[in-house]
Amino acid sequence: LSGTENAFDPVFAPTGDRVAFIADGELRLYDMRRGLMQSLAKVFDPLGIAWENDDAVLVAQDGGHNLARVSIQAPRLNVLLNNVRTGLKLPELLPDGARGLATFADFLTTFDLKSGSVRALSPTGPVRLDPASSSIAILGAGARYSSGLLIYGAPDGSFRFVPNSQLWNKP
């Protein structure tokens, strides 16, 4: 596809007719129905993107230290979480649209767009993201959620499933 040179991190829109991706320091959108390419925003040091809904894309940028929303209809960065000390990468929104999953260092994390909190995931629920909690936090990367299951890449290179969709709902 023309305009996709140097592209990475493609994600399909919920409707499946568009794909968002990063290329040459920009968040771009390709509309497969119309064959049109659109530049949505300049991004700095991006670490992943995710669709929020059919009209908005989230991007972890600045080395993951902020998470921003970009509307397709009015393209500009609207920072949701700023100066996140954790450096989030590979974000994915949960079905409620208010919380999501991401990776920090080697840990799975959950973030809340309303409160701005970022917590590590553990088998008993979210825990503080600090050295004391690192022994119980789940190691892994690339967490994705579907049909009540959390799947992620484990340090040994395998995929792991967590069938408890309540994992991140606990206080």
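Key figures
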quantity	calculated
Residues that are in a strand (DSSP E or B), of a type in the set (Gly, Ala, Ser) and under 26 Å from residue 135 (Cα atoms), drawn from the stretch 68-121	100, 102, 120
Meets criteria (touching a Gly at 6+ places or on another chain (Cβ under 6 Å) and part of a strand (DSSP E or B)) for residue 161	no
Top-ranked residue of the stretch 1-26 - restricted to ones that are among the acidic types (Asp, Glu) and part of a loop (DSSP other than H, G, I, E, B), ranked as most open to solvent (accessible area, probe 1.4 Å)	5
Residue pairs meeting the criteria (Cβ under 6 Å; at least 6 apart or on separate chains; first without any contact (Cβ under 8 Å) to a residue 40 or more places away in the chain, in the stretch 136-154; second part of a loop (DSSP other than H, G, I, E, B) and aliphatic (A, V, I, L, M))	140/154
Restricting the stretch 27-55 to residues that are part of a strand (DSSP E or B) and surrounded by fewer than 17 Cβ atoms within 10 Å (Cβ to Cβ), the residue that is modelled with the lowest pLDDT	53
Residue, surrounded by the most Cβ atoms within 10 Å (Cβ to Cβ), within the stretch 114-149, restricted to residues that are at pLDDT 85 or above and among the β-branched types (Val, Ile, Thr)	118
Criterion (open to solvent by less than 10 Å² (accessible area, probe 1.4 Å), of a type in the set (Phe, Trp, Tyr) and touching a strand residue (DSSP E or B) at 6+ places or on another chain (Cβ under 6 Å)) met by exactly one of 107, 111	111
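The values are calculated or read from the model by the stated rules, or taken from the named source; none is laboratory data. Since we're looking at a predicted model, the values are computed, not measured. Positions of Cβ are generated from backbone atoms using ideal geometry, with glycine treated the same way; all protein chains shown enter the neighbour counts. Protein only, heavy atoms only, side chains kept; ligands, DNA and RNA dropped before computing areas. Shrake-Rupley method; radii C 1.70, N 1.55, O 1.52, S 1.80 Å.
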